[in-house]
Each structure stands twice: as C-alpha cells, then as structure tokens.
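The values are calculated or read from the model by the stated rules, or taken from the named source; none is laboratory data. Everything numeric here is computed off the predicted structure, so don't read it as measured data. As a convention, Cβ positions derive from the backbone with ideal geometry for all residues, glycine included, and neighbour counts pool all protein chains shown.
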Amino acid sequence: MPRETWSGIFRKEGEHWTVGYGDRAFRLKDTRGFTYLAHLLRHPGTEFHVLDLVGGMADGGEDEPKPRMPRGDHELQKAGINITGLGAAGEMLDVGLRGRDRRAGSASDRARQSVAKTIKSVMERIAQSDAALGDLFSRCIKTGTFCSYQPDPDFPIVWEFAATDAGSPKPTEQPAAIGSPAPHTDHPQAAPAVLPVSPFLMAERTAFVGRESEGSAIRAAIDRARTGHGSIVMLWDGPGVGKTRLAMEMAEYASSRGFRCSVGRCYERDEPHPYLPFAEIIESNLAQAASLDDYRRQMGPYAAELAQIAPSLRRIFTDLPKPLELPPAQQRVYLFQSMAEAMAGSARARPCMYLLEDLHWADESTLALLIYLAHRIAQIPAVIIGTYRSQYSENSPSLVRTLEELIRMGVRPQRLGGLSKDAVAQMLHRLSQREAPESLVSLIYQESQGYPFFVEEVYRHLLEEGKVFDEGGQFRTDIEIAESDVPENVRLIIDRRLERLDDGEKRALAAAAVIGRSFSFQLLNAISHIDVDELFNVIEKALQMGVIVPSAEGPETPFTFAHELVRQTLVAGISVPRKEQLHASVAAAIEQLYPHAMNERAGEVASHLIKAGSFADEQKLVRI
C-alpha cells in the first residue's frame, strides 16, 4: 500500500513566511535563511555548493515547471547524467564529469559557515513553533560545503511555495487543506521546454528594472534571427551587475517568440574541461527532447562528433559510430564543422538561443569553437549570448584574443554598468511594496553604485537589522549605513574578488580604504610604509582589477574605490587597534602634507581623530 503523501506549505508573503504541514501553519519574519531553505526544498536530493547558493542570489528567480521526457529519465540517470534544479528557467544537466568545480578554499569555508549558521537559525525558529517540523528539517536538511534536502521516505511531503509558482502542484477546484494528503496522479503533465539558465538560482526573483537600451538591442537581434540572420551578443562587467538576469529576461522574450533556449556554463577549475559549456548545451537539448529517439534523429550524421564534445551521449546511445580518424588539426576543424551544421539544422527547424555563461573561465577550445560559430551564425536563425567578468579578461589571453576577433567581426561587447538612480528607486519600491523615500534611495544607490545584487543585499541587510521601518511600519528618517553594515553575501563575493591580491597588496589597499572613498597616492604613501615602486604596482594592479578607478574629484584625490562596499569590506578586514592606528596616521599625515589647507581639511582631520580613539592621545596629535 503506497504511503500517504502530505501537503506542506513554505510560502513567502510580504515580509513573513507561512510554514507548516499537518493540521497547523504559522508565520515567521523573513530572513535570508528561509530563501536558502526554500531553494533546497524545491530541489529534493540535489546538492548545491554554498558559494553558488550565495552567489545565485544575484540572479535569483522563481522556479518554473521542469521539462520532463515521457521516457528517458531513468536512462539519463543510469548514464551518469544528473538533472539538477534551476529555478527560473527549468533544468540543467550535470554533464557527468563527477568532479565538483574547485573553489577558493577561504571563500568556500566562509560561505559554508555563513550558510550553515543562517539555515540552522531558521530551523531553530521553526522548531520553536513546531517541534515535529523542526525535527524533520534537522534530519533532512544537510549543510556543509554542499547543501541538500533529503526527503524522509517514511513521511513524504509535497511542498507548496506560492500561488503563482508554476513548479508547485496544480490547485484543484477545491484547494486541499494544509493538512490534507496531496492529490495523486499517475501521469504528470509534461512541461513546456524552458531555459536552463543556472543550476543555482534562488526561489525568489526581484523585479527586473532598467536595461532599456540593452534589452531593446538584444530583442532586435532575436527578431532578426527569426528571419534567418543570427548574431552574437557579449555582456560584461563585474559580479552582481545583472548579466545573467538580463540574459534570462531576453531568453524569456525569445521563448515567447518560439525559440528553443539552452545554456552552458564555464567553471573555475585548475584543469579546464574542453568544450564544457557546449557539452551542457547538448545535454540540455537532450533533456528537452520529446524522447531519446527524437533526439537521436536530431543529431543525424553528426552524432559521433557531438559525442566527442559531450562524451556521456555514448552511455545513452550505445550504437553511435566511432568518429573519423583524422590528423589532429583536421579532426578539430571537422568537429567544429559538425557542431555548426548540427546547430544550423536544429535552428532551421526551430530558432535557437544559446547562453554561454562565465566565459572568463572558458578554456581555449571552447573559445575557438565560439569564434568558429561566430563566423557562420549570420546565416543561421540563432542568437548566442556570452557573459564574462571584466576583471578576469586580462588574465585570460585566450579570452582577450577572442574578444579582439569578435570586435573585428563587428561584435561590440556591451558593458552593463550599474542601474540608474531611478531604476534603483524602482527596485526598492518592488522590494518594500511602497515608495521608498529619497534619502533611502540615495543612500543605497551610493552604497551599491546601482549594481542590482548589491542593491537587494544592502536593502535586505538593513531590513533584517531593523533599520528600515519604525515600530509603526513607516520608513525611518535617520537611516545610516556603517562600515560594519556590509551584508555577508556581498562580503563573500567581494572577498572572492580580492583573493587575487597578496597579503601586502591587501594591506596597502586597506590603508587606502581607511583614508576614505577617494585618496591620493601621496597620502597613501605616507601611511602605508611600503616602498614607492611597490606601491605603484599595487595601484596599477587595483586599477586593472577595477577595484579602484580614476577619481572625478580632482588632482588632490586621483583615485577612488569603484564601490563603497569594496572599501568597507577592506576596512572590515582590519583589526580594531590597527584601524585606529591608521586613522591616527592619516590625521597626522594630512597635517604634515597640507599645512596650508588645514582650514579646508579640518573636518576630515577631526573625523579621523575621532575614529583613532586612544591612538590620538597616545601620539599627542594636534586637535583641530
């Protein structure tokens, strides 16, 4: 006799979550841990790396129906290809490498501790309201470097997440009570093919705002592709700017125009895997096929070559012929030709969009194939969107050469940049469900520089700290952001970026961060105690990485931190005594370097003296 399956609820409603199963439900105030927990519940049995749980918040999205093949799931799993959850746009396939991508240990460890602590806190709050549910989660939620939800087979629960959630069970005419068993069906309806954008998207997606000009240009490219004139679009800038989110929105537009959308991602690895994003695209298309036989027909005469890019195909289609034996140079050209012909054939049957994510981590073979396709896409009804981060390009000669060749072909990479202040106001309006005051908009805009991920994280951090609304539910008028107010998720991502700096370079930039958002080389040299030539090298490297940029404030402060959050993260990494000593040194250096401008800089010196604490008295600095 089959076990009874119960309905549970884990739904966000405004600033609270409704949670429960059985005969009761309760409401708890929103914190980040609920979002993590909801994402794990949506994808039972799937492991998620903590860095991707954290980083995925930048491009989060509502889960949608997962594409299902009428047959083949068992065969896919047996072949070693694991379908993993994606969130907003469907599913993605683990290409069967069985090797998890390697992450920087320190960032991974910090993320592991942060996510585990956050999830544990939420489970403790749930246990206080319902001990049985808390016990269930404590047994079924696994945390660590990889997190997952492993359902209790003796107590199966179908979770409902939102009334508008397409991935939730379809409501009946008379919705079942929360404690009622979920309706059973032997024939689940196949979902439409949708874009597998990222395997680590969160359950909640912020409203899409801004990007009017970029979106208009990409939509025009999609419309041209429908008439047989394909093109390539390259999107770039730093992490958190919304590259993936823009690509997702464009994929939704393309899907509404009848396109088949697929994604492939590059990963940070010590040993890059050749053609990995194209392998993911091939297997993603397999997951969207009506059947294995149908996909076998789609591959046609190019099946053997496609299996060279995605070797796991041979475990599914055991009758594939061996590839032609050719000299290495000819073999590569023939492989590229086969991929191009297969893509063209598929696109002529149905227009296609391919999203290649994180090309700053791409291997040379992947980029070479991209260039080959770029030379032929103008005659194919397809669009390729590539994304990459700016600060990595100078360390990837292959990517630099690829971008140079694309530019010669007429492809102009689009730098996204931060959102406008008006767009930030729209984001805050959607997040708070009311019109945010000008003071809050300006504060968060200055803090985030309009990067959507930073906007959302700073707002949610202030909300969780109780700094946004007063007891009457109205916006506070005295909101301030201290240097210690860098949200943990933002700090993890910025720390990950700063890991390219060695300890000496970090100390120098931390000293610059104590000076302020903008600083001069002369003042930094006076307090950093670093050789001048070495300090020049630090400044040049920070400029190349985009950590600092030329200042618009004039010659007295020629450098400024690209983001206030970067500066605050550097300051947060300094011990309190060291920070106070640096503030005292800055005050003394200003007095020595600018004796004729003390009236104009009196407030600046006074601010550093106040922050210097006991060091100001010990060094007997002159107070202004």
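Checking Glu435 against (1) free of Cβ contacts under 8 Å to residues at least 40 places away in the same chain; (2) in the same structural domain as Cys261 (by TED's automatic domain parsing); (3) surrounded by fewer than 18 Cβ atoms within 10 Å (Cβ to Cβ), only one condition comes out false. Which one? Glu435 satisfies every listed condition except (2).
Scanning the range 280-301 for residues that are more than 28 Å from the chain's Cα centre (by Cα) and either charged (D, E, K, R) or part of a helix (DSSP H, G or I) (or both) yields Leu292, Asp293, Asp294, Tyr295, Arg296, Arg297, Gln298, Met299, Gly300, Pro301. Here are Arg315, Arg297, Arg332: which of them is surrounded by 14 or more Cβ atoms within 10 Å (Cβ to Cβ) and closer than 23 Å to Ala287 by Cα? When all the criteria are applied, what remains is Arg315.
Yes or no: Thr402 assigned to a helix (DSSP H, G or I), under 30 Å from Ser338 (Cβ atoms) and modelled with pLDDT of 85 or more? It is true that Thr402 is assigned to a helix (DSSP H, G or I), under 30 Å from Ser338 (Cβ atoms) and modelled with pLDDT of 85 or more.
Looking at the range 330-377, which of its residues are of a type in the set (Phe, Trp, Tyr) and under 29 Å from the mean Cα position of the chain (by Cα)?
Restricting attention to the range 330-377, the residues satisfying the condition of being of a type in the set (Phe, Trp, Tyr) are 334, 336, 354, 361, 372.
Tyr354, Trp361, Tyr372 - these are the residues of the range 330-377 that are of a type in the set (Phe, Trp, Tyr) and under 29 Å from the mean Cα position of the chain (by Cα).
Looking across the range 253-279 at every residue that is under 18 Å from the mean Cα position of the chain (by Cα) and buried (at least 17 other Cβ atoms within 10 Å of the Cβ), the one that is farthest from Ser398 (Cα to Cα) is identified as Ser262. Being among the charged types (D, E, K, R), over 21 Å from the mean Cα position of the chain (by Cα) and over 27 Å from Gly386 (Cα atoms), is that true of even one residue in the range 441-460? Taking every residue of the range 441-460 in turn, none turns out to be among the charged types (D, E, K, R), over 21 Å from the mean Cα position of the chain (by Cα) and over 27 Å from Gly386 (Cα atoms). Those helices (runs of 4 or more DSSP H) of the range 519-575 in which at least 1 residues are within 33 Å of the chain's Cα centre (by Cα), considering only elements entirely within it, cover 532-545, 564-572.
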